[in-house]
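Notes to accompany the following structure.
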Amino acid sequence: MDTRTTTRVSLTALLGTPVTDAQGHIRGRLKDIAVATGPDAGNVAGLVLKTRTGLFIVPSQEVMETPAGTLELRSSGALVPLKDEGNYLYLQQDLMDRQIIDIHGRKVVRVNDVDLEWLGRGAAHLLRVAEVEVGLRGAFRRVFKGVLPRARLESISRKFHARGIPWKFVDVIEVDPARRVKLSIAHERLSEMHPSELAEILEDLAPAEREAIFTSLDEEVAAETLEEIEPRLQKSLLEKLDEERIADIVEEMDPGAAADLLAELPEERSDAILEEMEPEERQEVEELLEFDEDSAAGCMTTDFVYLGMESTVSQAVQALRTFDGDPETVTEVFLLDEKRVLRGVIHLSRLIMAQPETRLQVLTEPRVLSCPADMHQNDLAEMFDKYNLHALPVIDLQGRMVGVVQAEHVISFLRDKL
């Protein structure tokens, strides 16, 4: 049975605490606390002591807290000169006053203090990080440390409502490239967020932290996030990336969103990015760049699911499975003839209920709505409202289907007008 007990202590209270040997001689004062990263994240690896001869680090299992509130070394030979190899996260140096991401709360917060736990003697790690304090309690401790006695300070600070984030929900933003590599901080957890949440977090960060987070994302997540960010910030995020990296991201974006992004960049930069893109994706984006941004073609996407006139439900399901675009945006399947003229629309709800061998022509809507490529977005918005549409096909002068305007594009347009 696990009989170990825990006691809480704040980093603010610990910093500056005298560290003595077993005979009561002061060996130094606590300067910082080194925390492990990776699989052992949160476990205190060592305590950094400031002595007359420099900085030393002592393993956490060699230190214990005394009833008097001081720290005592178990072994007199435990001190080792500090050599910062970047393998640890230092709570005072790297965390205090820094912006961090609360993974659980999906928001950016600032660290005011850190709460640690002393574990019982039988534990493998005698000291570990419990949570990060982001409220007034931690701020009060730091402001009045040295002004009030420690016991009085702790008593008053506990009257403030605690706003702590458990360590497992914290993602540290490291902006120093050298330390970022060595610390291997788990940015992959950010990839699990919804792109709109990640976009809001990036908007709340300072430029250096914002860049550190964005460059850590893979192309697909970066593309989805970029689509949720306003044009001014988009340009800022891409400013320090080379054209090849930007092209990799743009290729993962919805073609319409990619065209909007490139249209906001200087023509020379936009052309250089297009040059780095794969031929098929480049052609799609270049065609969209030719349209007026206030027209239906200017806000449409060329990613949509379409099949020939003789296709069956089974073939439609296979087309949906192999669709390269965002599957969440697909609400209809379109029937096109050999000249790409729009001949029918089938809602997914009808597709799901039908037998695999059923011809798609049987399932088409009795009336096919579409709009010309040059329709103004104001008229487009009225059409969406009048017919309660989720998506609307866009056709050219020859009646060929060239893209789809989705409801989210219209909502975005209307929001910008407010």
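Solvent-accessible surface of protein heavy atoms, probed at 1.4 angstrom with all chains present, puts V317, V35 in the order V317, V35, largest first. Looking at the square roots a ≥ b ≥ c of the eigenvalues of the Cα gyration tensor of the stretch 94-154, which shape do they give, rounded for a/c under 1.5, prolate if a/b is larger than b/c, or oblate? Oblate shape, in that a/c is at least 1.5 and b/c is the bigger or equal ratio. Listed by chain and number, the aspartates and glutamates whose alpha-carbon sits under 17 Å from that of K145, ignoring those within fewer than 8 places in the same chain, are D32, D97, D113, D115, E133, E154. Counted by Cβ distance under 11 Å from R142, the other residues give a net charge of 0, where Lys and Arg count +1 and Asp and Glu count -1.
Taking a probe of 1.4 angstrom, what is the accessible area of D40 in Å², to the nearest 10? Accessible surface of D40 is approximately 80 Å². Could you state the angle between the C-alpha long axis of helix 255-264 and the longest principal axis of the C-alpha atoms of the chain, as a value from 0 to 90 degrees rounded to the nearest 10? Compared with the principal axis, the helix lies near 70 degrees. What the Cβ-Cβ distance of R8 and K107 gives, at R0 = 41 Å and to the nearest 0.05, is a FRET efficiency of 0.95. Summarise the accessible area of the stretch 216-300 (1.4 Å probe, protein heavy atoms) by the percent that is carbon and sulfur. Its accessible area is 35 percent carbon and sulfur atoms.
Rounded to the nearest 10 degrees, the angle from helix 195-204 to the longest Cα principal axis of the chain is 50 degrees.
Between the Cα long axis of helix 279-289 and the first principal axis of the chain there is an angle of about 80°, rounded to the nearest 10. For the set E338, E276, the ranking by accessible area, highest first and with no ligand, DNA or RNA atoms included, is E338, E276 under a 1.4 Å probe.
V305 sits among other residues whose Cβ lies under 12 Å from its own Cβ, and their net charge, with Lys and Arg +1 and Asp and Glu -1, is -3.
Cross-link pairs exceeding 25 Å in C-alpha to C-alpha distance, out of K31/K83; K50/K168; K50/K83; K83/K240, comprise K50/K168; K83/K240.
Under the rule a/c < 1.5 gives rounded, and otherwise a/b versus b/c splits prolate from oblate, where does the stretch 331-399 land using the Cα gyration tensor? Oblate, because a/c is 1.5 or more while a/b does not exceed b/c. Peptides 286-293, 16-23 ordered by packing proxy, namely the average of other Cβ atoms within 10 Å per residue, highest first: 286-293, 16-23. Most mobile of E280, E251, E197 per a Gaussian network model of the chain (Cα springs, under 10 Å)? Looking only at E280, E251, E197, the biggest GNM fluctuation is shown by E280. Figure note: M375, M401 ranked by solvent-accessible area, largest first, 1.4 Å probe, ligands and nucleic acids not counted: M375, M401.
Look at the alpha carbon pairs under 8 Å that are at least 6 residues apart: their mean separation over the length of the chain gives a relative contact order of 10 percent. Mind sorting out which of [x] -0.22, -0.30; [y] -0.26, -0.35; [z] -0.41, -0.52 is the real log10 I(q)/I(0) by the Debye sum over Cα atoms at q = 0.06, 0.07 Å⁻¹ computed from the coordinates? Entry [z].
The values are calculated or read from the model by the stated rules, or taken from the named source; none is laboratory data. Predicted model, so just to flag it, every value in this text is computed and none were measured. Cβ atoms come from the backbone with ideal geometry, glycine included; neighbour counts cover every protein chain shown. Ligands, DNA and RNA are stripped out before the accessible areas are found, and what is left, the full protein with its side chains, is counted by its heavy atoms. Shrake-Rupley method; radii C 1.70, N 1.55, O 1.52, S 1.80 Å.
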